[in-house]
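Read the structure below first, then the notes.
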Amino acid sequence: MNIDDRKYAPIGVFDSGVGGLTVAREIMRQLPKEDIVYFGDTARVPYGSKSKDNIIRYSRQIVRFLQTKDVKAIVIACNTASALALDIVRNETDIPVLGVVVPGAKSALQATRTKKIGVIGTEATIRSEMYTKVMKEMEPDVEVTGKACPLFVPLVEEGFAKHHVTEEIIEYYLKSMKESDIDTLILGCTHYPLLRSGIRAYMGEEVNIVNPAYETAMNLKQLLEEKQIAKDVSEGAHAEYDFYVSDAAEKFRQFAGTIWPCEIDTTKQISIEEY
Ligand code: DGL
């Protein structure tokens, strides 16, 4: 593809399921002209309880699928896949690949005053200690406390984000964080921004809450500008959004409606194991 064609190519965004739409919607907000091809691996979600080998295998297949859509850049919206597979898949393709961990880490370091940061995520993300490693490389004095919150994802997906049961689970998981002296908390999982108000209410106004999606979209914008492949169309032109999943397309479409700001007409199901 020559550079002019690449300008008009879409951005590939992928996640283990529907949660990555919290990242895709931020890309849509900051880069409203860019087309997006979104893939949610709904057949194999959750990634948070899977082994590193499987997360790498899944990520490779999805990158191969997105390449068939001629994407000009790929964003791994999933924190778990960003933590465990980004370095590997990035070295296997010429297309620029961004994850959410480095942007999330950067935002947290910008926000903290005390250099005491908490990070919550899936079991695999917390076990990988990737957020800690990245932040310590940037700021060796930082102290990072990690906590896996595995029940948050199913609670969000079952529509329990505002339910009192979720308030209790937030307290159960975050009690030790609240009692610690962190001043910044990273929402290190795609679904957690959907629990933001409950987490904010429990943690209090004095703790900075960081959603990596915002900085990820900013980094993507910078990358497209640097490589001169940002879409060059007149104001008001419509961007196109295509949604693919590996299972349960209709369930995805319905739930996606609670995250995505516009109506999603169709979601196509593909056999990701073939890639
Ligand atoms: N998308 C995953 C993440 O951000 C959460 C859901 C899962 O476990 O697959 O880590």
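The values are calculated or read from the model by the stated rules, or taken from the named source; none is laboratory data. What you are looking at is a predicted structure, and each value in this text was computed from that prediction instead of being measured. Counting neighbours? That spans all protein chains shown, and the Cβs are built from the backbone with ideal geometry, glycine included.
Of Val13, Val45, all but one fail to be at pLDDT 95 or above, among the hydrophobic types (A, V, I, L, M, F, W, C) and near the ligand (Cβ under 9 Å from one of its atoms); the exception is Val45.
Restricting to region 106-156, and then to whatever is in a loop (DSSP other than H, G, I, E, B) and hydrophobic (A, V, I, L, M, F, W, C), can you tell me which residue is farthest from the ligand (Cβ to nearest atom)? So that I can check it myself, show each step before the final result.
Within region 106-156, the first condition is being in a loop (DSSP other than H, G, I, E, B), and the residues that meet it are 112-115, 122, 129, 139-142, 149-151.
This time we only want the ones that are hydrophobic (A, V, I, L, M, F, W, C), so: 142, 149, 151.
On the way: Val142: 21, Cys149: 10, Leu151: 11 Å.
Once the filter is applied, the top-ranked residue is Val142.
Residue under question is Ser82, and the condition is that it be buried (at least 18 other Cβ atoms within 10 Å of the Cβ) and more than 20 Å from Leu21 (Cβ to Cβ); does it hold? No; evaluated as a whole, the condition is false for this residue. Looking at Glu171, Glu179, Glu167, Glu143, just one residue is free of Cβ contacts under 8 Å to residues at least 24 places away in the same chain and either over 19 Å from the mean Cα position of the chain (by Cα) or over 15 Å from Val100 (Cβ atoms) (or both), and that residue is Glu179.
Apart from one condition, Cys78 fits all of (1) in contact with a helix residue (DSSP H, G or I) (Cβ under 7 Å, 6 or more places away or on another chain); (2) under 24 Å from Lys268 (Cβ atoms); (3) within 10 Å of the ligand (Cβ to nearest atom); the exception is (1).
Here Lys178 does not qualify as on the phi > 0 side of the Ramachandran plot and either touching an Asp or Glu at 6+ places or on another chain (Cβ under 9 Å) or polar (S, T, N, Q) (or both).
Can you work out which of the residues in region 90-101 that are in a loop (DSSP other than H, G, I, E, B) and not hydrophobic (A, V, I, L, M, F, W, C) is surrounded by the most Cβ atoms within 10 Å (Cβ to Cβ)?
Taking region 90-101 and keeping what is in a loop (DSSP other than H, G, I, E, B), we get 91-96, 99-100.
Those still in the list that are not hydrophobic (A, V, I, L, M, F, W, C) too: 91-94, 96, 99.
Values: Asn91: 8, Glu92: 12, Thr93: 14, Asp94: 5, Pro96: 17, Gly99: 27.
Top of the filtered list is Gly99.
Can you tell me which residue among Asp35, Asp70, Asp53, Asp87 is away from the ligand (no atom under 12 Å from the Cβ) and at positive phi? The unique qualifying residue is Asp70.
Using the structure shown, decide if Asp35 is touching a Cys at 6+ places or on another chain (Cβ under 8 Å), at pLDDT 95 or above and of a type in the set (D, E, K, R). Taking the combined requirement at face value, the residue does not satisfy it.
Restricting attention to region 129-162, the residues being over 21 Å from Ala201 (Cβ atoms), buried (at least 20 other Cβ atoms within 10 Å of the Cβ) and out of contact with any Lys or Arg (no Cβ under 8 Å at 6 or more places or on another chain) number 5.
Test Thr93 against the criterion of being under 21 Å from Asp5 (Cβ atoms), away from the ligand (no atom under 14 Å from the Cβ) and of a type outside the set (A, V, I, L, M), and give yes or no. Walk me through how you get there before you give the answer.
Details: under 21 Å from Asp5 (Cβ atoms): yes; away from the ligand (no atom under 14 Å from the Cβ): yes; of a type outside the set (A, V, I, L, M): yes.
Against the criterion (under 21 Å from Asp5 (Cβ atoms), away from the ligand (no atom under 14 Å from the Cβ) and of a type outside the set (A, V, I, L, M)), Thr93 qualifies.
Of the residues contained in region 251-269, one or more are found to be buried (at least 20 other Cβ atoms within 10 Å of the Cβ) and either assigned to a loop (DSSP other than H, G, I, E, B) or of a type in the set (Asp, Glu) (or both). In this structure, Ser128 does not qualify as within 18 Å of the chain's Cα centre (by Cα), farther than 22 Å from Arg60 by Cβ and either at pLDDT 95 or above or of a type outside the set (Gly, Ala, Ser) (or both).
Could you check region 184-220 and list, in sequence order, the residues that are acidic (Asp, Glu) and either surrounded by fewer than 17 Cβ atoms within 10 Å (Cβ to Cβ) or within 12 Å of the ligand (Cβ to nearest atom) (or both)?
Of all residues in region 184-220, those acidic (Asp, Glu) come to 205-206, 215.
Hits for region 184-220 are Glu205, Glu206.
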